[in-house]
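Student: Right, I'll just put the structure down here and ask away after.
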Amino acid sequence: MSNSLIIIPTFNERENVVELCKQIMLLQEDFHILFVDDSSPDGTAGVIKALMPQYPQRIHLIEREGKLGLASAYITGFKWALAHEYSYIFEMDCDFSHPVSALPRLYRTVAMEGYDLAVGSRYVKGGKVKDWPLGRILMSYFASVYVRAVTWLPVHDTTAGFVCYHRRVLESINLDKIHFRGYAFQIEMKYATYLLGFSIKELPITFTDRKLGTSKMSSSIFGEAFSGVLKLRLWKEQKKFPQGTPKPEATKK
Ligand SMILES: Nc1nc2c(ncn2[C@@H]2O[C@H](COP(=O)(O)OP(=O)(O)OP(=O)(O)O)[C@@H](O)[C@H]2O)c(=O)[nH]1
Ligand SMILES: [Mg+2]
C-alpha cells in the first residue's frame, strides 16, 4: 500500500491525462493518483477509466455531477485521502504546468525532512515561469507580494497549487469551514497551515504554461482572491480564522 496520493482535479483534460499518468507511474516512488472529474464534457472520465487497468490499484477516480470548482474538488480529494490512510497528500494540475520531476523532491521534504507542507514555488531562488505572457507573470508575482503584505504569511508563492501536505495538517484544519474556491482557496489553506503552527518549506520549480486544453481561469477568481485576503486577515484578528486544531507543541520542528 502506497503512502502517497496525488490529487488531480480535471475538467476537460482528455488530451493530458494519459501522458501525465504515464510520467508519474514511471517515477521510482510508488505514487497513487486520485482524479476528481466534474463530468467533463470531453469525456476525460472515460479516458481515465480505460487507463485504470494498466496500473492496478494505483489510479482512482471520483466522478462528480457538474462543475463544482477546484476547491471543492480538492476538499473531496483530501477527505478521500484521509479516509484511505494516505500520509503524504499532493495537489497537482493536469496541464503539465507542474513538473512531474519535482514530485520526489516535494515528497522527500515532507516524508524525510519532516516538514508539514512542501510548496512547489515559482518565486524563490531557482524558481521559474515559462511561456506565460509578461503581464500574467507580473500579476501573479505581485498577487503574492500583496498577500504577504496583508497576511505576513512567510511564503513567496502563495497561490501555488503544486504542494504536498502531511496528513496531520489536513486532519487539523476543519475542511468544512474553508471559504474560498479559486486562488483564494490556495492562499487560505497555506495561511491556515501557518497559523496553526505547521512548518512550510518552499522548493523552486519551473512552471510551464499549458500546451494542450484550455484554461479555466476567470476574472472572478482574481476578484475573490483580492478581497478574500483582506477578509482572511480581518477574520484572523477577530479570532474567527483559522478553524482547526493547532499543531501540538511537542511535535513542533
Ligand atoms: N474537478 C474540477 N477540476 C477543475 C475545475 N476547474 C479547473 N479544474 C482543473 O484544475 C486544474 C487547474 O486548472 P487550469 O485551467 O489549469 O487553471 P489554472 O492552472 O489556474 O490556470 P492556467 O494558467 O490557465 O493553467 C486543471 O487540472 C483543471 O482541469 C473544476 O471546476 N472542477
Ligand atoms: Mg493550469
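Coordinate-derived values only; no laboratory data. All figures in this text were calculated on a predicted structure; none of them were measured in a lab. FYI the Cβ positions are ideal-geometry reconstructions off the backbone, even for glycines, and counts take in every protein chain you see.
Student: Would you please report the Å³ per residue occupied by the convex hull of the alpha carbon atoms in the chain?
Tutor: Values: hull volume 31.3 nm³, N = 253.
About 124 Å³ per residue, rounded to a whole number.
Student: As an exercise, take the mean of 1/r over every pair of distinct alpha carbons in region 159-198, invert it, and state the Kirkwood radius in angstroms.
Tutor: When all Cα pairs of region 159-198 are included, the Kirkwood radius is 10.4 Å.
Student: State, in angstrom, two size descriptors of region 119-253 derived from its alpha carbons: Rg to one decimal place and Dmax to the nearest whole number.
Tutor: So, for region 119-253, Rg and Dmax equal 15.2, 47 Å respectively.
Student: Can you sort Asp131, Asp157 so the residue with the fewest Cβ neighbours within 10 Å comes first?
Tutor: So the ranking, lowest neighbour count to highest, is Asp131, Asp157.
Student: Quick check for me: using +1 on Lys/Arg Cβ and -1 on Asp/Glu Cβ, what's the dipole size of the chain about its Cα centre, in debye to the nearest 20?
Tutor: 760
Student: Can you pull a Stokes-Einstein diffusion coefficient for region 52-99 at 25 °C (0.890 mPa s), Rh from Kirkwood over Cα pairs, as a whole number of µm²/s?
Tutor: Value of D from the Cα-based Kirkwood radius: 195 µm²/s.
Student: Along each of its three principal axes, how wide is the spread of alpha-carbon positions in region 181-222, in whole angstrom units, largest first?
Tutor: On the principal axes, region 181-222 reaches 38, 26, 12 Å in Cα extent.
Student: Strictly greater than 16 Å: what percent of every Cα pair in region 1-110 meets that? Before the final figure, lay out each step's value.
Tutor: Values: 3276 of 5995 pairs.
More than 16 Å apart: 55 percent of the Cα pairs in region 1-110.
Student: What is the Rg over Rh value, at two decimals, for region 173-253, using alpha-carbon atoms and the Kirkwood definition of Rh?
Tutor: Working: Rg = 15.3 Å, Rh = 14.7 Å.
Taking Rg over the Kirkwood Rh, I get 1.05.
Student: May I ask which of Lys125/Lys201; Lys190/Lys247; Lys79/Lys128; Lys190/Lys240 have a Cα-Cα span longer than 23 Å here?
Tutor: Numbers: Lys125/Lys201 13 Å; Lys190/Lys247 14 Å; Lys79/Lys128 32 Å; Lys190/Lys240 16 Å.
Cα-Cα > 23 Å for Lys79/Lys128; rest within.
Student: Rg and Dmax in Å for region 104-188, alpha carbons only: what are they?
Tutor: Radius of gyration, then largest Cα-Cα span, for region 104-188: 13.9, 38 Å.
Student: Within 10 Å of each residue's Cβ, count the other Cβ atoms and sort Lys216, Lys201 from fewest upward.
Tutor: Listing Lys216, Lys201 from fewest to most nearby Cβ atoms yields Lys216, Lys201.
Student: State the answer as a single residue: which of Pro246, Thr206, Trp235 lies farthest towards the positive end of the charge dipole of region 197-253, with beta carbon charges of +1 for Lys and Arg and -1 for Asp and Glu, about the Cα centre.
Tutor: Projecting each Cα onto the dipole axis, the largest value belongs to Pro246.
Student: Let me ask you something else. Could you tell me what percent of the DSSP beta bridges with both partners in the chain are antiparallel, to the nearest 5? If you can, show how the numbers build up before the last one.
Tutor: Working: 8 of 32 bridges.
Just about 25 percent of them are antiparallel.
Student: If you plug each phi of region 85-94 into the Karplus form 6.51 cos²θ - 1.76 cosθ + 1.60 with θ = phi - 60°, what whole-Hz ³J(HN,Hα) values come out, in order, with x for Gly and Pro?
Tutor: Computed from phi, the couplings for region 85-94 are 6, 6, 9, 10, 10, 9, 10, 8, 7, 9 Hz.
Student: Take each of the peptides 158-164, 228-234, 57-63, average the number of other beta-carbon atoms within 10 Å over its residues, and list them starting from the highest.
Tutor: Sorting 158-164, 228-234, 57-63 by mean packing, highest first, produces 158-164, 228-234, 57-63.
Student: Right, something else. Starting from the Cα-Cα distance between Leu27 and Tyr55, subtract it from 0.36 nm times their residue separation and give me the gain in nm to one decimal.
Tutor: Details: separation 28, 0.36 × 28 = 10.08 nm, distance 1.31 nm.
My answer for the length gained is 8.8 nm.
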